[in-house]
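Here, each number is a calculation from the coordinates, and none is a lab measurement. Worth saying up front: this structure is predicted, and the values here are computed from it rather than measured. Cβ placement follows ideal geometry from the backbone for every residue including glycine, while neighbour counts extend to all protein chains displayed.
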């Protein structure tokens, strides 16, 4: 079936280091969304990418959508403690409007 | 605008029982999706309702069912509960199907003993 693979599962970083999570789909996506879930919370929408090769920035966060619309990445520059949480990608497939979710990448800041 | 609300927030049930969870979407949102989240398992899609019709369904057994009412409120039911059904059940609403973001409720934490 259709899948969105998200890696890594966990990433431990020192505060101030960068963080990146990647999503790869087996099929072309019409768009991809990114969500953040803080510990004990619920997923919160961050951004949506629609166009091939699209790049969007939100302060220290940079989101990219691949040229083939099969992969995407989220990069955080100079992580802060407020960035802690799990980041999910969710891709929408044209055929049935269903969102296919990645397994999430948990960002852990080392003490 | 009020957010997505889910009731109850916490629930403890015994194996073999059934449970009904409720979700009230954001006013004006017509699409409601349900997810199961267990530690380390990410978000597992259960089903999506749009205008009272189930449009998509995940790979869950028939013990999991849902419905949506004319006011877009949704319920999900789990019959013959198993220990493995213990999880956080999240409801999300969106304006429409298509390229609209989903707004999640706080979830219902179900524990099956």
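Across chain A, counting alpha-carbon atoms alone, Rg and Dmax equal 13.4, 45 Å.
Mean sequence separation of contacting Cα pairs (under 8 Å, at least six apart), scaled by the length of chain B, corresponds to a relative contact order of 36 percent.
In this simple spin-label model, placing a label point 7 Å from the Cα along the Cα-to-Cβ direction at both residue A:82 and residue B:1 gives a separation of 2.4 nm. Percent of C-alpha pairs per 10 Å bin in segment B:23-62, short distances first: 28, 48, 22, 2.
Pairs of Cα atoms nearer than 8 Å and 6+ residues apart set the relative contact order; for segment B:46-101 it is 25 percent. Stretched out straight at 0.36 nm per residue, the stretch from residue B:10 to residue B:63 would grow longer than its current Cα-Cα span by 17.1 nm. Note that segment A:1-66, at 37 °C in a medium of 0.692 mPa s, gets a Stokes-Einstein diffusion coefficient of 241 µm²/s from its Kirkwood radius over C-alpha pairs.
In chain B, one over the average inverse separation of all distinct C-alpha pairs is 13.9 Å, which is the Kirkwood hydrodynamic radius. Between residue B:113 and residue B:83, full extension at 0.36 nm per residue minus the direct alpha carbon distance yields a gain of 10.2 nm.
Extension gain for residue B:95 to residue B:22 (0.36 nm times residue separation, less C-alpha to C-alpha distance): 24.4 nm. Among B:74, B:22, B:65, the largest mean-square fluctuation in a Gaussian network model of chain B, built with springs joining Cα atoms closer than 10 Å, belongs to B:65.
According to the Kirkwood relation over distinct C-alpha pairs, the hydrodynamic radius of segment B:44-95 is 11.9 Å.
Here each label is just a point 7 Å from Cα along the line to Cβ, and for residue A:12 and residue A:38 those points are 2.4 nm apart.
Diffusion coefficient (Stokes-Einstein, Kirkwood radius over C-alpha pairs, 25 °C, 0.890 mPa s) for the protein assembly as shown: 136 µm²/s, rounded to a whole number.
In percent, rounded to a whole number, the relative contact order of chain A is 37, using alpha-carbon pairs under 8 Å and six or more apart.
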